[in-house]
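Scroll down for the structure; my scribbles are underneath it.
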Amino acid sequence: MKLFKTILVGAALAVGLAGGANAADKLKVGFIYVGPTGDFGWSYEHDQGRLAIEEALGDKVETTYVESVPESADSERVMTQMALSGTNLIFATSFNYMDHVLNVAKKFPNVKFEHATGFKRSDNVSTYSARFYEGRTVIGHIAGNMTETNTIGYIASYPIPEVIRGINAAYIAAKKVNPDVKMKIVWVFSWFDPGKEADAATALIAQGADIIMQHTDSPAAMTIAEEKGIYAFGQASDMIQFGPNARLSSIIDNWGPYYVARAQAAIDDTWTSTDTWDGIKPGMVEIGAFSDKVPADLQASATAIKDALAAGTMHSFTGPLNKQDGSVWLKDGETADDGTLAGMNFYVEGIEGEVPQ
Amino acid sequence: MDFSALSPVALIVSLMVAATPILIAAIGELVVEKSGVLNLGVEGMMIIGAICGFIVAVETGSPWLGFLAAMAGGAAISFIFAVLTQYMLTNQVATGLALTMFGLGLAALMGHSYAGIKPPKFGTLDIPFISDIPVIGPLIFSHDYMIYISLMIVAGVWYFLTRTRGGLVLRAAGENHDAAHALGYKVIRIRIMAIMFGGAMAGLGGAYLSLVRVPQWTEGMTAGAGWIALALVVFASWKPWRIILGAYLFGGITVLQLNLQAAGANIPVAYLSMTPYLVTIIVLVIMSADKKRTSLNAPACLGRIFHASS
Amino acid sequence: MFKLERRPSPSNAMVVLTPVLAVVLTMIAGGILFAILGKNPFEAIRIIFWDPLFNEVVASYTRPQLLVKAAPLITIALGLSFGYRANIWNIGAEGQFIMGAIAGGAVGLAFYPTESVLIFPLMVLAGAIGGFLWAMIPAFLKIKFNANEILVSLMLVYVAINFLGAMVTGPLRSPVGMNFPVSRNFNEYPSAYNGELVANTGLHMGVLVTLAAVIVAYILLKHHIFGFQVRTAGQSPRAAKFSGVNPNITVAICLGISGGLAGMAGLFEVTGPAGKLSTNFPLGYGFTAIIVAFLGRLNPIGIMLAGLLMALTYIGGELAQFQLSVPAASIQVFQGMLLFFMLAVDILVNFRIRLAKKEVA
């Protein structure tokens, strides 16, 4: 048996660039992260997903990762090295890996690739993303109810559709319960810059925001909110340790179930290229436990929204909705299609300011 | 757009917080450069200070001990630079860059189990009644202690450089190391002490980031602050008092642009972020163009290797 | 106490021995580091230094990748070395690299979707000019106002980074990129794409240019009057003046060469390995190249070797990360140690260590 295995491995090695398939019985899963696993945000949660695979599939899998991989040729090289070393399934967990994933995938038709938040696929490249905006609807509902200054602060990274979607979803939900609500948005033009995120939170608080939302990766804003005695929501991970009093709830990226399912599919040989955009229902977007600062009736209504989103009886973007310039976007009862959402580059009516160009 | 929400007092208070890490690091680097040494490793020393301070503050529960540890950590790592450049005569630019790389990596390793922890809260000045006076209270009497300390450090450095014999000798070493050596001053010893002071200050600035401004530990949290500190020294034309002005200006631009955004103004962020660097270049040009004044400020031996051949 | 004594002439033996000594010292110190992290030190060192070159599974891929990774470092460092020899300290190569990529990339994208063989050469030219002009700013300010080029060129790096941000969120943003702050993809535009020359190696035009630059630089420095002028200007500015070398022209030429080369490297990088302009494009190559220039002792061949060694630690470091699960930070520390040792042992070339009796110096 041992000899047999050695021969097989040797054969696999000889295949070299063309192959990459591995004859060992373990599924080798590789991850590349854009930040350090210790960022307590985006990369941290992907790493939790990796650990979920290890936990669920035990000795059927072997996982590896490389952290802080720049979104450049470096990522292509790392993925190639992984593929050459016999990795069967590779998760590339940042948008700008996109073209590099496709390049490597072309060279290794037997290796399966999963690219987070991308939109380019091929026979061995799947894409997956989460409908974080569903979570924004829930926390927008809470924020709209709980703000006393009627001002919600929003720390945004880059003006890309995903971020703009989140701003719109939160605003629509807040506005529905609080017609006077205002949203102040600060763009920090970075995914991860704790100092700047902290300053942005301070600036928003100074201008009257009493609830902070963020679409950046560090928990800096949560710490500031805790210090200033206002509220905030955890982003990507729960972040309760940074704001035991400030945190009302959180939107948690829960990649675990998806990662386990895909790894299992690879083991069972049922893996095919797919495009997944999951929301609250399958648990990819998780709403963190409500803090006891959230009144019971609000907890109930927020839970109802969450359940309705999960059941599909409610959509975050349901008409009547106008665009910022007053033109009609969705008629009464109409819901947004995925195509529009995927390329969203406008604010809905009522949000002040312009999307930075 | 609603600018009425822009409170000048709140703006100034938050820009002081934003400026203090670079202020402290820059005043340290100023002393280093005055002694004739260019240490480009400020970023690396800052982040080492950030993690050393954080670890000790968390473990002991005392931010004060944390700040002390940050200074010790920054000084310790700067000692590598000191030995390499002063005894091994390595190029200062290359060594400084290597120090940054080393520091960023080492800090990340040290901090591996410290992500996701809240540091103990650092106190702010709170004098009954006085701190509550409108405008003057928040503006002058209710900052955290480190802001006052940072200003005292600047005053101390100014006094040392201009009013003491030690400062004179240090400047002599930076102005003309051969002449200073001929006069019997220990150029290398002076420079090593300056480098370690610079390291301690960079460390302190870093710890202000991890213990007060953000306050938490995350990898790479200095995010380029060390480089801004380097720019600041030039902007200040090697004058301690101007470091304060420069730091508050640099910090002010960041804070102001975030506040303007929050007020709804649509501003070109990228172009605005360039301005501190452009202003620094302009200041440098104006200063350098006047040869007489340059010689009073910019250390003539900056970055040059000294080896006593006697 | 030990005492340093200047050798009458640099030791040739030490020129060869010291890098080896530094690598050995790094292996020991790095081994201790990996042991502390609970990893097998021998395995870690083997993976970093040996596997990218000789491992039978990955080496056929990683060997050419070493050249790809090292190419921009070497190209930039070569340019810098001219200035450093003449005591002109351009430390803003990162900015020139970025501006070259923007200028060349913008020229290419302006022609989109016209296909022509002339476009790529034009882009290379524009890249070189972009870097050249960016370096001319510190040159001009130095010549005209005596402004310190170290500081001006460093400041301009941050201006360039912000300018890149403005470009990819503005004029150069891809119309098909879903509003992401990225430019159009060069590999979707054949005339502007700096693709692989040999399948599966990643080798691109920039690598060839790098090799050519090494040879040209070698000849220039050794056999050309310009090399002599640069060296004289560095060793003795006054002597240079007497022998008719205009220091201002030396400043302009040195900064110009390094800016042009950095700009060109930026163009090759953005149109090939990186594939597009984005805020993630600057990875600090311009700064790493400064270290490479010194590790290579400002000598073209030395720079080539130093660039390859740096590339080796990057690629080996990646292998070590996913094979041994060492954190990325430990690789950074490892590289820092290598640089420290490399810089430190250099002293043995020009000095020898003597046991000195206690005496008044």
Pairwise FRET efficiency - A:ASP307 versus A:LYS228, Cβ, R0 = 41 Å, nearest 0.05: 0.80
So, relative contact order of region C:63-294 in percent, Cα under 8 Å, 6 or more apart, is 42
Looking only at region C:87-111, which residues have a backbone nitrogen under 19 Å from a spot 7 Å from the Cα of B:ILE305 in the C-beta direction? C:87-91
Put one equal scatterer on each alpha carbon of region C:63-294, apply the Debye formula with no solvent term, and list log10 I(q)/I(0) at q = 0.12, 0.15, 0.18 1/Å to two decimals. -0.63, -0.93, -1.25
Return the Cα extents of chain B along principal axes one, two and three, sorted largest first, each rounded to a whole Å. 66, 47, 39
Starting with the fewest neighbours, write out C:VAL176, B:VAL42 ranked by other beta-carbon atoms found within 10 Å of each beta-carbon. C:VAL176, B:VAL42
In peptide B:227-238, what is the residue-averaged number of other protein chain Cβ atoms found within 10 Å of each Cβ? 2
Would you please give the residues with an amide H less than 5 Å from that of A:TRP187, counting only those at least 5 places away or on a separate chain, with H modeled from the backbone geometry? A:ALA156
Report the Cα centroid-to-centroid distance between region C:1-68 and region C:299-336 in angstrom, as an integer. 10
With the crude spin-label approximation of a point 7 Å out along Cα→Cβ, what separation in nm comes out for B:SER131 versus C:VAL16? 7.0
Return one number: the angle in degrees, 0 to 90 and rounded to the nearest 10, between the long axis of the Cα atoms of helix B:145-163 and the longest principal axis of the Cα atoms of chain B. 30
Counting only other chains, and only Cβ atoms inside 10 Å, what mean value do you get across the residues of B:76-88? 2
For region A:253-296 and region B:240-266, what is the centre-to-centre distance using only Cα atoms, to the nearest Å? 41
Can you work out the FRET efficiency for the pair A:LYS60 and A:ALA300, with r the C-beta to C-beta distance and R0 = 51 Å, to the nearest 0.05? 0.75
How would you rank C:PHE34, C:PHE54, B:PHE235, going from fewest to most other Cβ atoms within 10 Å of each one's own Cβ? C:PHE54, C:PHE34, B:PHE235
What pairs in A:LYS60/A:LYS306; A:LYS306/A:LYS331; A:LYS112/C:LYS39; A:LYS228/A:LYS323; A:LYS28/A:LYS306 have C-alpha atoms more than 27 Å from each other? A:LYS60/A:LYS306; A:LYS112/C:LYS39; A:LYS228/A:LYS323; A:LYS28/A:LYS306
Under 13 Å from the Cα of B:LYS186 - aspartates and glutamates, other chains or at least 8 residues apart: B:ASP178
Tell me the Kirkwood radius of chain A: reciprocal of the mean inverse pair distance over distinct alpha-carbon atoms, in Å. 21.3
Would you look at the GNM of chain B, springs on alpha carbons closer than 10 Å, and say which of B:ALA180, B:ALA25, B:ALA225 moves the most? B:ALA180
For chain A, longest principal axis from Cα atoms; helix A:194-206 axis from its Cα atoms; angle between them, nearest 10 degrees, is 20
Estimate the FRET efficiency between B:GLU59 and B:MET152 by the formula 1/(1 + (r/R0)^6), using the beta-carbon distance for r and 30 Å for R0, to the nearest 0.05. 0.65
Restricting to Cα pairs under 8 Å and 6 or more apart, the percent relative contact order of chain A works out to 16
Only sites in a loop by DSSP and with at most 15 other Cβ atoms within 10 Å count here; which GluC sites (Glu not before Pro) in region C:1-96 make the cut? C:GLU56
Among rounded, prolate and oblate, which fits region C:55-155 when a ≥ b ≥ c are the square roots of the eigenvalues of its C-alpha gyration tensor, a/c under 1.5 means rounded, and a/b larger than b/c means prolate? oblate
Excluding residues fewer than 8 places away in the same chain, name every one of the aspartates and glutamates whose C-alpha is closer than 15 Å to that of B:LYS121. A:GLU226, A:GLU227, B:GLU59, B:ASP144
Need the C-alpha centroid separation for region A:57-78 versus region C:192-212, integer Å. 26
Once you compute Rg and the Kirkwood Rh from C-alpha atoms, what is the Rg to Rh ratio for region A:122-244? 0.99
What percent of all Cα-Cα pairs in the protein assembly as shown falls into each 10 Å bin, going from 0 up to the bin containing the maximum distance? 2, 11, 20, 25, 21, 13, 6, 2, 0, 0
Farthest positive-ward along chain B dipole, Cα basis, beta-carbon charges - from B:ALA223, B:SER113, B:PHE81: B:PHE81
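Each reported figure results from applying straightforward, stated rules to the coordinates on display, with no laboratory input. Small disclaimer: the values here were computed from a predicted structure and weren't measured. Every residue, glycine as well, gets a Cβ built from its backbone with ideal geometry; the counts of neighbours run over all protein chains shown.
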